[in-house]
Amino acid sequence: MSDLICKNLCMTFSNAQTGVKVEALKDINFTLKKGELLSVLGPSGCGKTTLLNMIAGFLNPTSGSMTLNSTKIDGPSVERGMVFQQGALFEWLTVSKNVDFGLRMKKTSQGESDSLVEKWLEIVGLQGFGNTPTYQLSGGMQQRVALARCLVNDPDVILMDEPLGALDALTREKMQSLILELWKETGKTILIITHSVEEALLLGERLFVMAPRPGRIHKEYKLPFAEQGLQTPLRDIKQSPQFSEVREEILSMIWDMEEEIMGGA
Amino acid sequence: MLDWLSQERAFIASVIIVILLITLLWSILVGLRQATYRAKDQVFGDPERTLGGWYWTLSGVSAILLLWFYFSWGVGRAFFPEAGNEMCQVAKVETAIAPIKAALPIDSRYFKSTELIVRNTEQLDVLESNFPEGVFSETEKEELLNIIVSSRKIIGIFSDQDNQSLESKLAIRDISQDLDELTDKLSKDYTKFNPSSEGLLQPNWGTTRIELPLLPITPKGVLFDDISKHAEVLSQKFLKLRNNSAAANSIIEATKQQIKRLKLSNEAADRSDEVLKERKHYIKAVERIFRRLDDGTIFPPQALDELNDSIKDFLRAIEGAKGNLRLVQAFFIPGAGVVKSKTQCTEQGSGRWLPKPTDVVAKFLLLANPNLENGGGYKGTTLFWWDWIEIADLVSFLIPDFLIDLLPGDYGVHSEQGLFVPNYKDKLQAFAQGDVYLGVIPMLDGHIWDSLFRVLVALALGIFLGVPLGIYMGISRFFKSFFDPIIELYRPVPPLAWAPLILTIFGIQDDGKIFLLFMVAFAIMVISARTGASGTQLSKIRASHSLGASNRQILRYVILPNALPEILTGIRIAIGVCWGTLVAAEMLAGTTGIGFIENVARTVSDYELIWVTILIMGLLGLAFDLLMRLIISRTIPWRGKG
């Protein structure tokens, strides 16, 4: 049972000064099987990042339970790797030292970790950049380092918090292909939070559209595009009528939610 | 070699000045040429425009050095090495006739007699109107008021030309005529005069502690020296001159008797202390004014006219005889000129408080000479050298006595035979107190090293204690809240305000100063480490948690490197502040260190030494800062790029 299971997850934030309580998440239920690719989409304030932080172990749910491989999630752990929007790289370390970080913390032997780092740098397309300081890399390359740093630890689940949000369109497309390739090659369970509808469609076998106030899963889709993306260029998929149809549906759904928030405010 | 350099410093200065002038003009030319074609590459306001520009650095440095040479009279001494001595001879003449000038409206607006009359008349009026009631009897009051009236009368008599004695009239005329003779002498040819061999053997201008030797070394100087001797005789005569008058003498005599009687009556009667005090006070005031008037220093209005004219002619003649010395003074010797004292002539104005660059270097070399027996160093300590120190001293510094007290057992007691055999504890205590010979090791020594040592030890303590505390304050609610008030309360107090207290508690030697500097460094290091630690991005912390790092590993491998830029900047600031505080603390108390030298130099008005210490401090401070900048750019190239 190497699944990620969330049952009746609730998260309520209360403001210490005013005492006002906000229901960030209410009754989240889902099961993510090993090797599934899930993207989560929603208007801002729907609690998608809160959900991710809870699964990562940075936040404790107010009620409900989360289990991974039948063990309760309690605090951050190596089995749930994180990739952040800005990379969160250690700028005082070189590329290979960044990738090596998790292995060093585990006190892996030098020879073993060297070959692992070498392997992953090659997979993410950064061979030869090992000794470069990270602050000299472009945004896309920094995200590649972040991916390699996460994957070298061999996590069960990879959590990505808007990983491509800060990249330009072209780099973004390349990185989307890379993520799909990694998903296929490693067979990891991947959960991606994103703002972009297109990205959510491309990088999700399953897609949750979340709604705000209280944060909940509004609708779930099962999509073929990620599988297609492994064979066909992503640009061609985006132009298919099937893709456009789903995209328009989700866009109008989110549009309505935003309207509702603005009207209510 | 060094002696020759020291003797010929005027010549060396002239070479340097010429080089500086050429450098200045050349670098300005280069700068202007560069500016014309660079202006096209970069628009106004482009920060790139500040890059480069070594030629302007060069012109700035040479300009400041030239200004230094100029205002310190370095230029004057370099190109006119005899001007100082000649000015000294002129100063002698001016000093010699100063008493005569003081009586005349030359450097002041009024005759001295006029000033005396105005001031004393005013005071007499005040005394008269403030007569104390109920202290004197009616007759006494009459007598006192009578003395005041007599005082006014004396002024009147002395001011009347008819009352002036023939004797004093003739004496004034004598002095005037003698002065006229000196005036004639000044306008005659002096080139035949020869300076004495003794004068020529004197040290050069500024090469010894005697700034400008007294004896003349040029024919012109001999002339002024000679004139000054005659002028001095005239001044003595003038000082003895009194406006004696028969009419005044009788009044003076009578008044003196009156004052005497009044004073006697004070003692006779039985009066309260308060009344007695008031009586004495008033009689004394009346007598004081009378005494100022009775000595015949007031002359009639026209009596000194002739002397006044003679002096004016004489002064004009001095200016004339100075000749080209006047030009040299106007262009190359800015400031107040030379003043003659008993043993030497001294420079005044900027020449006094701004020593010449060459003299400062010479003073520095003298100080830097490690040979203490040969006049090197300062107050028995070298400037920066090394010395053998006993290892035992080091051991006693590192091992506190009380550690031995804590060991089991007792110290030895003398036996009944009166013998004392030390046991193991006695021996260890002797070791801890440095009473055993363990050999010697070489160690840096000297004033500069003492100052450096204090700063470095305090800084090291501040870093090793301040950084961990600061980092914990950056990440822990308990540490932040518990230690914040303590540090924020003592930190804003200027370090020097702590100095009197700290030096009293820990002593004026190294301990006190190191603790004071430690307080300074500690606060700065805590605050910078705290800022650095609390500035760690949350995503980095979270990422390292997800990568399996333990809390300790996160502290060591994420938070510490993240705080490193702030910590290094903190060290840079701490060094600067410590250095400033140290020098001031050394001025307060102590027997070694750069600040100590400057403080002693201040008490003896040794301006060269003051400037040497200022330059040493400035250059060392600059060196620290450059070193820290280098370290920062080498160790944290990622700064600001995260």
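The values are calculated or read from the model by the stated rules, or taken from the named source; none is laboratory data. Bear in mind the structure is a predicted one, so any value in this text is a computation, not a measurement. Here the Cβ is made from the backbone with ideal geometry for all residues, glycine too, and neighbour counts use every protein chain on show.
At a glance:
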{"item": "Helices (runs of 4 or more DSSP H) contained in region B:1-92 and holding at least 2 residues in contact with a helix residue (DSSP H, G or I) (Cβ under 7 Å, 6 or more places away or on another chain) and at pLDDT 90 or above", "result": "B:9-41, B:54-71, B:74-79"}
{"item": "Tally of residues being of a type in the set (S, T, Y) and either in contact with a His (Cβ under 8 Å, 6 or more places away or on another chain) or on the phi > 0 side of the Ramachandran plot (or both) across region B:480-509", "result": "0"}
{"item": "Subset of region B:534-573 that is in contact with a Gly (Cβ under 6 Å, 6 or more places away or on another chain), closer than 23 Å to B:V520 by Cα and small (G, A, S) - its residue that is nearest to the other protein chains (Cβ to nearest Cβ)", "result": "B:A563"}
{"item": "Selection within region B:170-228 - outside any loop (DSSP other than H, G, I, E, B) and aliphatic (A, V, I, L, M)", "result": "B:L170, B:A171, B:I172, B:I175, B:L179, B:L182, B:L186, B:L200, B:L212, B:V222, B:L223, B:I227"}
{"item": "Sole residue being surrounded by fewer than 19 Cβ atoms within 10 Å (Cβ to Cβ) and at the interface with chain B (Cβ under 9 Å from one of its Cβ atoms), chosen from A:V78, A:V83", "result": "A:V78"}
{"item": "Any hit, region B:594-612, residues being buried (at least 22 other Cβ atoms within 10 Å of the Cβ), on the phi > 0 side of the Ramachandran plot and outside any helix (DSSP H, G or I)", "result": "no"}
{"item": "Pair list, Cβ < 6 Å and 6+ apart or interchain, from region B:357-380 residues that are outside the structural domain of B:T591 (by TED's automatic domain parsing) and within 27 Å of B:A78 (Cα to Cα) to residues that are crowded, with 16+ Cβ neighbours inside 10 Å and of a type in the set (D, E)", "result": "B:D359/B:E608; B:V360/B:E608; B:K363/B:E608"}
{"item": "A:L116, sole failed condition from (1) crowded, with 19+ Cβ neighbours inside 10 Å; (2) within 15 Å of B:A543 (Cα to Cα)", "result": "(2)"}
{"item": "Which listed residue is part of a helix (DSSP H, G or I), closer than 30 Å to B:M473 by Cβ and touching a Leu at 6+ places or on another chain (Cβ under 7 Å), from B:V526, B:V558", "result": "B:V526"}
{"item": "Scope region A:152-177; condition within 14 Å of chain B (Cβ to nearest Cβ), within 13 Å of the chain's Cα centre (by Cα) and among the hydrophobic types (A, V, I, L, M, F, W, C); matching residues", "result": "A:V157, A:I158, A:L159, A:M160"}
{"item": "Region B:504-532: number of residues that are surrounded by fewer than 24 Cβ atoms within 10 Å (Cβ to Cβ) and within 14 Å of chain A (Cβ to nearest Cβ)", "result": "0"}
{"item": "Filtered residue count, region A:122-141, keeping only those that are part of a helix (DSSP H, G or I) and within 11 Å of chain B (Cβ to nearest Cβ)", "result": "3"}
{"item": "Long-range neighbours under 8 Å by Cβ, at least six apart or interchain, first residue on the phi > 0 side of the Ramachandran plot within region B:616-642, second surrounded by 11 or more Cβ atoms within 10 Å (Cβ to Cβ)", "result": "B:G640/B:P565"}
{"item": "Members of region B:400-426 that are part of a helix (DSSP H, G or I) and surrounded by 14 or more Cβ atoms within 10 Å (Cβ to Cβ)", "result": "B:I404, B:K425, B:D426"}
{"item": "Scan of region A:86-105 for residues that are at the interface with chain B (Cβ under 8 Å from one of its Cβ atoms) and either part of a strand (DSSP E or B) or closer than 24 Å to A:G35 by Cα (or both), ordered by number", "result": "A:G102"}
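Results for (1) assigned to a helix (DSSP H, G or I); (2) loosely packed, with under 13 Cβ neighbours inside 10 Å; (3) at negative phi, shown as yes or no for each residue.
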position: A:L180; (1), (2), (3): yes, no, yes
position: A:L201; (1), (2), (3): yes, no, yes
position: A:G204; (1), (2), (3): no, no, yes
position: A:D256; (1), (2), (3): yes, yes, yes
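Residue by residue, here is whether (1) surrounded by fewer than 17 Cβ atoms within 10 Å (Cβ to Cβ); (2) touching an Asp or Glu at 6+ places or on another chain (Cβ under 9 Å); (3) outside the structural domain of B:K229 (by TED's automatic domain parsing) holds:
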residue: B:Q89; (1), (2), (3): no, yes, no
residue: B:I97; (1), (2), (3): no, yes, no
residue: B:I100; (1), (2), (3): no, no, no
residue: B:D107; (1), (2), (3): yes, no, no
residue: B:F111; (1), (2), (3): no, no, no
residue: B:T121; (1), (2), (3): yes, no, no
residue: B:L127; (1), (2), (3): no, no, no
residue: B:F131; (1), (2), (3): yes, no, no
